[in-house]
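Read the structure below first, then the notes.
The values are calculated or read from the model by the stated rules, or taken from the named source; none is laboratory data. Just so it is clear, the model here is predicted, and its values are computed rather than measured. Reconstructed Cβ throughout: ideal geometry from the backbone, glycine too, with neighbour counts over all protein chains shown.
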Amino acid sequence: MENAKAAHIDELVRVSEGGDSRRDGIITDSWRRCVSDYKLDPTIRREAYILPNEHLRLHRDAMDEFLRMARFGLESLYHQVAGMGYVLLLTDHNGITVDFIGDPNIDDRLRRAGLYLGADWNEGRAGTCAVGTCIATGEALTVHQSDHFDTTHIPLTCTSAPIFHSGGELAAVLDISALRSPEPKISQYLALQLVRAYAHKIETASLYNNFRREWVVKLSASHEFAEVDPDFVLALDGGGRIIGFNSRAARLLASEEGGQGDGGQASAVPGGPDRSGLLGRCFSDFFDCQVDDLVRFVRSLPTDQRTIRLRRSGTPLFIQAMPPPAVLIPRPQAADEPQLPPPLRAVSGGDPALKAVLARAAKLVNTRMSLLIHGETGTGKEHFAKALHRSSVRAGKPFIAVNCAALPEALIESELFGYEPGSFTGATARGKKGLILEADGGTLFLDEIGDMPLSSQTRLLRVLAEREVTPIGRTKAVSVDVRVIAATHRNLVDLVKAGRFRDDLYFRLNGAVFTLPPLRQRGDLVWLIDRLLAERSRHDGVEYSIAAPALAALRAHSWPGNVRELVNALDYACAVCDDGTIDLADLPEPVQHSGAFDAWPAGDPPAADCSRHGEEEPAERLREVLRRRRWNVSAAARDLGVDRSTIHRQMRRYGIVAPHRQS
């Protein structure tokens, strides 16, 4: 082995000095970059570098929406190669691994090799490797065993493909790697084809997601696949100008203009053609079709009769056009509501921040990914989880809620995982099924997950990773189909850094993260009060109403206990009021003296700033969210349920500039 490493270093030195090599040109070019540009010493071995959790969180937050969208593609690809020893990595454009799927039984080996969440595979740090060299060149490739620059990575085989944003910038890299493999590089040919195919699927799905309200044109050389798996996809605005494309479409149009064709690279890649130059070009510049003619291709004809031609080459392509929705933004606030399942629609009375959370949640109700709900105590995390459950295909199945903070540590495993008869002292003669198995087919809601002991976290991780549970005293695992929704008012990242919460469990739980706003920040307080009073009217048989001074006091209160405190306050008021009319004196004393409500007109308490939200222009709507989030683009993107790149694009479009950048 040492002889092989010495020979590898000799070859590296010889090639970096201009010598010949039988290796692929993309590999030798990378070797030379490593020596000349990055000043890497081939004789020094570099262990894999894993980012600290707090730094990794920043990278994951920056592409939150993209990660949720791409996760299904990763899981689908992993099912194709399960049992073959492969690990899947998804990195950002800097080479930081922001998602991965691997065998949990060899976690330690994968971490040491850098095939793990948080690993940095940038070429400047790791040398020639599939991810780093893919970022440097914009090309899909395999870096097999001794193709690697660093001798530490020689046992690995790694295959990567780039994923581009709809504007041509590099978004991510999809990688499939293995700790061991056959020696011939040709053994990874199928891996290369798979990673290319799934990178294309993820890239195209991202384009569909970003341009749901614009014209989308699908093109393919084969009419059989023109609709289900198109090669080329373009997004157009109402004037027929190109506003987005997948990378295959970019290469096609670059080829039409005499560019580099299939070898073209993204604008983010040094030396590659600027594909962003396609943005703003007219669709009719490239095709013998005007934008007004696209309506003819909206499934009105059989696929084999829907053809257009490239103007320069005359190449025929089969087309399907997907028009934008009939109702475009801006629109009345109520127009969104029918799109939400009724249980989710009942959670909000129109608060913009909460509606953005619900709109994002509606897209995920039937996925298998675990969900994590953040929010202060009393914001309605369990109520939200139940609404998610009732909105899903699991609605008829059990919803099992577990308060992890209330279960004694000595009993939490037996309660969650169950036990066999007589498996320990005090065990019942009939055993216990356990709450996870009770939730089979339905939803398991883990409230206050941050208070779960570390020992139980380890076993819960296996449930999430393997979809099976082993009751205490049993040797054989039992398969379980359960959707896990966790909730906490704690900062789990801080708990991870303190060693009180497993990082791998955290990243398993936060497949999607929802943050419920505190009641003091919601703009639908009056709606919530009306709804709660209506429920009590039906229950008590009394028509409750509320006087203006009492409503003003309720609106002035800061609600540190959130919705739970509001419920208690209204229960008290309904119990002590006369004739169903709640006056100021009927409210709990802390609520009566909350603020300067006497200064408000008795019949006209001030409306929340966001109550006009649905009537404003899109630019003003975006500006208001950014102001509320103190110009934090990531936070604003989460509120609106879009990617950060979408926020930046809309800011440029509407000429919105953050105050600290105006100078």
Conditions (1) in a strand (DSSP E or B); (2) charged (D, E, K, R); (3) over 22 Å from the mean Cα position of the chain (by Cα): number failed by residue 109: (1)
Matching entry among 24, 20 (being surrounded by 14 or more Cβ atoms within 10 Å (Cβ to Cβ) and over 17 Å from residue 153 (Cα atoms)): 24
Hey, residue 416 surrounded by 18 or more Cβ atoms within 10 Å (Cβ to Cβ) and in a strand (DSSP E or B) or not: no
Given the criterion assigned by TED's automatic domain parsing to the domain that holds residue 420, at pLDDT 90 or above and within 25 Å of residue 58 (Cα to Cα), identify the matching residue among 484, 493. 484
Is it true that some residue in region 593-604 is surrounded by 19 or more Cβ atoms within 10 Å (Cβ to Cβ), at pLDDT below 85 and not hydroxyl-bearing (Ser, Thr, Tyr)? yes
Restricting attention to region 188-223, report how many residues are among the polar types (S, T, N, Q) and either free of Cβ contacts under 8 Å to residues at least 24 places away in the same chain or assigned to a strand (DSSP E or B) (or both). 2
Considering only region 554-579, how many residues are part of a helix (DSSP H, G or I), at pLDDT below 90 and of a type in the set (Gly, Ala, Ser)? 1
Is it fair to say residue 12 is buried (at least 18 other Cβ atoms within 10 Å of the Cβ), touching a residue at least 60 places away in the same chain (Cβ under 8 Å) and in contact with a Pro (Cβ under 6 Å, 6 or more places away or on another chain)? yes
Here the qualifying pairs (Cβ atoms under 9 Å; residues six or more apart or on different chains; first in region 395-421 and modelled with pLDDT under 80; second surrounded by 15 or more Cβ atoms within 10 Å (Cβ to Cβ) and aromatic (Phe, Trp, Tyr)) come out as 413/419
Could you list, in sequence order, the residues of region 161-200 that are within 16 Å of residue 135 (Cα to Cα) and in contact with a Pro (Cβ under 9 Å, 6 or more places away or on another chain)? 170, 171, 172, 173, 174, 199
In region 41-67, how many residues are part of a loop (DSSP other than H, G, I, E, B), at pLDDT below 90 and among the aliphatic types (A, V, I, L, M)? 1
If you scan region 179-197, which residues turn out to be surrounded by 22 or more Cβ atoms within 10 Å (Cβ to Cβ) and either of a type in the set (Asp, Glu) or in contact with a Leu (Cβ under 8 Å, 6 or more places away or on another chain) (or both)? 195
When you go through (1) among the polar types (S, T, N, Q); (2) surrounded by fewer than 22 Cβ atoms within 10 Å (Cβ to Cβ); (3) within 22 Å of the chain's Cα centre (by Cα) one by one for residue 458, which number turns out not to apply? (3)
Looking only at region 112-131, which residues are more than 23 Å from the chain's Cα centre (by Cα) and assigned to a helix (DSSP H, G or I)? 112, 113, 123, 124, 125, 126, 130
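What about residue 547, is it among the hydrophobic types (A, V, I, L, M, F, W, C) and at pLDDT below 85? Reasoning before the result, please.
Working: among the hydrophobic types (A, V, I, L, M, F, W, C): yes; at pLDDT below 85: no.
Answer is no for this residue.
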Checking the structure you have, find out if any residue of region 567-576 is surrounded by fewer than 19 Cβ atoms within 10 Å (Cβ to Cβ), closer than 24 Å to residue 521 by Cβ and under 37 Å from the mean Cα position of the chain (by Cα). yes
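Select the strands (runs of 3 or more DSSP E) contained entirely in region 226-333, then report the ones holding at least 2 residues which are at pLDDT 80 or above and within 30 Å of residue 133 (Cα to Cα). Spell out the reasoning first.
On the way: elements: 232-236, 242-245, 307-309, 316-322.
Of the strands (runs of 3 or more DSSP E) lying wholly inside region 226-333, those with at least 2 residues that are at pLDDT 80 or above and within 30 Å of residue 133 (Cα to Cα) span 232-236, 242-245.
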Could you check, for region 19-40, whether at least one of its residues is of a type in the set (A, V, I, L, M, F, W, C), closer than 29 Å to residue 465 by Cβ and assigned to a loop (DSSP other than H, G, I, E, B)? no
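Based on what the data block shows, is residue 239 in contact (Cβ under 8 Å) with a residue 24 or more places away in the chain and in contact with a helix residue (DSSP H, G or I) (Cβ under 6 Å, 6 or more places away or on another chain)?
Values: in contact (Cβ under 8 Å) with a residue 24 or more places away in the chain: yes; in contact with a helix residue (DSSP H, G or I) (Cβ under 6 Å, 6 or more places away or on another chain): no.
Judged against the criteria, residue 239 is not a match.
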Could you list, in sequence order, all residues of region 491-517 that are assigned to a loop (DSSP other than H, G, I, E, B) and either among the β-branched types (Val, Ile, Thr) or surrounded by fewer than 16 Cβ atoms within 10 Å (Cβ to Cβ) (or both)? 491, 498, 499
Test: residue 449 is at pLDDT 90 or above and either among the hydroxyl-bearing types (Ser, Thr, Tyr) or in the same structural domain as residue 491 (by TED's automatic domain parsing) (or both): yes
Could you go through region 219-230 and let me know if any residue there is in the same structural domain as residue 101 (by TED's automatic domain parsing) and more than 20 Å from residue 90 (Cβ to Cβ). no
Search result, residues across region 343-378 that are polar (S, T, N, Q) and in contact with a helix residue (DSSP H, G or I) (Cβ under 6 Å, 6 or more places away or on another chain): 348, 370
Given (1) in a loop (DSSP other than H, G, I, E, B); (2) touching a Phe, Trp or Tyr at 6+ places or on another chain (Cβ under 7 Å), number of the condition residue 520 does not satisfy: (1)
Anything in region 68-102 that is part of a helix (DSSP H, G or I), at pLDDT 90 or above and touching a Ser or Thr at 6+ places or on another chain (Cβ under 8 Å)? List them, or say none. 70
Mind checking which residues of region 431-446 are modelled with pLDDT under 85 and on the phi < 0 side of the Ramachandran plot? 432, 433
